[in-house]
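Asks: Below is the structure I would like to discuss, written out as structure tokens.
The values are calculated or read from the model by the stated rules, or taken from the named source; none is laboratory data. Nothing here was measured: the structure is a model prediction, and the numbers come from that model. Ideal geometry is used to build each Cβ from the backbone, glycine not excepted, and the neighbour counts take in all protein chains shown.
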Amino acid sequence: MFNLLDGGLVAGPSPGSIFAYLALTPKGSFLATIAGVTVGTLVSFAITSLILKMEKTVETESEDEFAQSANAVKAMKQEGAFSLSRVKRIAFVCDAGMGSSAMGATTFRKRLEKAGLAIEVKHYAIENVPADADIVVTHASLEGRVKQVKMKTKVAAIYGKRDVRLRVFELPEITDNELLVSVISDSVCLSTWKAALLGSEHKRVPDDLENHPVITGHECAGVIVEVGKNLTGKYKKGQRFVLQPAMGLPSGYSAGYSYEYFGGNATYMIIPEIAINLGCVLPYHGSYFAAASLAEPMCCIIGAYHANYHTTQYVYEHRMGVKPGGNIALL
């Protein structure tokens, strides 16, 4: 059709939308361009319809499959209110960020507005996927490429004495024995304030803070985003967790004091192999992450109540000889 009407474009259209075609059409050739695109659309439609009719099959769902689907829908409805409350930004993603993602984002944004939901919906190219997107929508064929985009995290990091800064950087890929997690809640602890005051003079804080600042925060909970292949039998993507931060290492190192990629005051963090092997990543089955974050300080309170001045580290047994009806001197 383009040849018959002596039509054509001044350059290759990218993305291949009708607007790109018209923008690159020479003056006086709009009829040829529109006719060519229309004929191409009709031919594609006719051939595709023929193929679909030839391959048409009837799929039935067994009673067991139907029951499983129904249960899945019920579970999604139960978590819907919680999930929706956390969603602030939705990213529609395609190759160039201008074609299908733009149309999808526009359509979905209008539906959310009609539903009265104030959620930001924007379209992006794969390379520009924002780190703080709560939901990413893309074509199934692009899923692998989207996952390959390095995860950016925003953290509160210690750079030195009284020097806590907001830092945004790309996390490295996790190893086969690590977890990438999204932190939903992290409570404020006075020991974090002490580490921020002392910097490297704190026994748990390493020396090279200028080049390797450490993430603050250790009383945290969230959702597992990616699982190292050696851990797939123990953890699942989307699983909720709470961190037990007392690692008990001889060095004293722990989350929130000693690691560049491991700390609760972050949008995303990497849980290292040593913390996983020590059993520090616990499953959380609740819906209120703040309550999970308070589990560690609450355990400290309960432990102190039962043990008072225990003499063996991490062994919370009452060894003072205090008994009901006895005498005690408070100095």
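Asks: Search region 218-231 for residues that are over 14 Å from Tyr284 (Cα atoms) and pair each with any residue that is modelled with pLDDT of 90 or more and acidic (Asp, Glu) when their beta-carbon atoms are under 7 Å apart and the residues are at least 6 apart or on different chains.
Replies: Gly228/Asp176; Gly228/Glu178; Lys229/Asp176; Asn230/Asp176
Asks: For the condition closer than 14 Å to Asp176 by Cα and surrounded by fewer than 21 Cβ atoms within 10 Å (Cβ to Cβ), what is the one hit in Ile270, Ile274, Ile224?
Replies: Ile274
Asks: Inside region 224-252, can you point out the residues that are in contact with a Pro (Cβ under 8 Å, 6 or more places away or on another chain) and farther than 13 Å from Ile276 by Cα?
Replies: Answer for region 224-252, where residues must be in contact with a Pro (Cβ under 8 Å, 6 or more places away or on another chain) and farther than 13 Å from Ile276 by Cα: Gln239, Arg240.
Asks: Here is a follow-up. Filter region 140-152 down to residues that are within 19 Å of the chain's Cα centre (by Cα) and small (Gly, Ala, Ser) and give me whichever is surrounded by the most Cβ atoms within 10 Å (Cβ to Cβ).
Replies: Looking at the filtered set, the residue picked out is Gly144.
Asks: Checking Lys122 against (1) part of a strand (DSSP E or B); (2) of a type outside the set (Ser, Thr, Tyr); (3) touching a residue at least 40 places away in the same chain (Cβ under 8 Å), only one condition comes out false. Which one?
Replies: (3)
Asks: Take Ala105 and tell me if it is under 21 Å from the mean Cα position of the chain (by Cα), in a helix (DSSP H, G or I), modelled with pLDDT of 85 or more and not assigned by TED's automatic domain parsing to the domain that holds Pro213.
Replies: For Ala105, the condition - under 21 Å from the mean Cα position of the chain (by Cα), in a helix (DSSP H, G or I), modelled with pLDDT of 85 or more and not assigned by TED's automatic domain parsing to the domain that holds Pro213 - is met.
Asks: Which ones in region 118-139 are more than 11 Å from Lys88 (Cβ to Cβ), over 16 Å from the mean Cα position of the chain (by Cα) and loosely packed, with under 13 Cβ neighbours inside 10 Å?
Replies: Within region 118-139, Glu127 is the sole residue that qualifies.
Asks: Go through region 153-176 and count every residue that is farther than 15 Å from Gly264 by Cα and surrounded by fewer than 20 Cβ atoms within 10 Å (Cβ to Cβ).
Replies: 11
Asks: Give the number of residues within region 235-271 that are touching a residue at least 24 places away in the same chain (Cβ under 8 Å) and in contact with a strand residue (DSSP E or B) (Cβ under 9 Å, 6 or more places away or on another chain).
Replies: The qualifying residues number 25.
Asks: Just checking, which of Leu179, Leu198 is buried (at least 19 other Cβ atoms within 10 Å of the Cβ) and either in contact (Cβ under 8 Å) with a residue 60 or more places away in the chain or hydrophobic (A, V, I, L, M, F, W, C) (or both)?
Replies: Answer to the check: Leu179.
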